[in-house]
Amino acid sequence: MLLSFTESATLDGDLTSIWQTITDPAHWADWDPHLDGAGMDEPFQVGAEGWTNPRNVPGKRGPFKVVAVDPLRSYETESAMPLGKMCIVNRFEEAGPGRVRITREVALHGGFVPVFKLFWYKSMRADIALTFAALEKEAARRHAAAGERAETTGGPR
């Protein structure tokens, strides 16, 4: 069985700040409204393993593995699910000055698909838009903070 869907948005911000924010899993829960916790104890690269604690599944730590990275363009993760797996691809492209198009492709494979569809499909789709909005806000905050540090130290932004 397969269930797949795609969500996209165009964010205000620069590609580097957005990329640096979304490839920092240790801080996802600081800004992503659908996470109670997240982490990764190694650099964000192919083979790295991390975890998330989704708010809609209290007490459940969901491990994931980074399976592909194309810096500033895309990354892909896989998560084991009962009787299958979830694959997520995030793509980024500049969409004009100060704008970035982000697309998230989600594919669930295996026997867990009917259960996922019944309990989490609608909320996950809705949460992606909230996550994109929060990503835009956090990337802007980090960009501004980096600019303030550069101004006080006299260094580059």
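The values are calculated or read from the model by the stated rules, or taken from the named source; none is laboratory data. Fair warning: this is a prediction, and the values are worked out from it, not measured in the lab. Just so you know, the surface numbers come from the protein's heavy atoms only, side chains and all, with ligands and any DNA or RNA stripped out. Shrake-Rupley method; radii C 1.70, N 1.55, O 1.52, S 1.80 Å.
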note = Residue set Asp70, Asp127; condition closer than 26 Å to Thr16 by Cα and at pLDDT below 95; output residue Asp127
message = I need a count of the residues in segment 90-100 that are open to solvent by 20 Å² or more (accessible area, probe 1.4 Å), part of a strand (DSSP E or B) and of a type outside the set (Asp, Glu).
response = 2
note = Note on segment 12-23: residues open to solvent by less than 40 Å² (accessible area, probe 1.4 Å) and either assigned to a helix (DSSP H, G or I) or more than 28 Å from Lys117 (Cα to Cα) (or both) are Gly13, Leu15, Ser17, Ile18, Trp19, Thr21, Ile22
task = Tally the residues that are in a helix (DSSP H, G or I), open to solvent by less than 40 Å² (accessible area, probe 1.4 Å) and of a type in the set (Phe, Trp, Tyr), restricting the search to segment 101-153.
result = 2
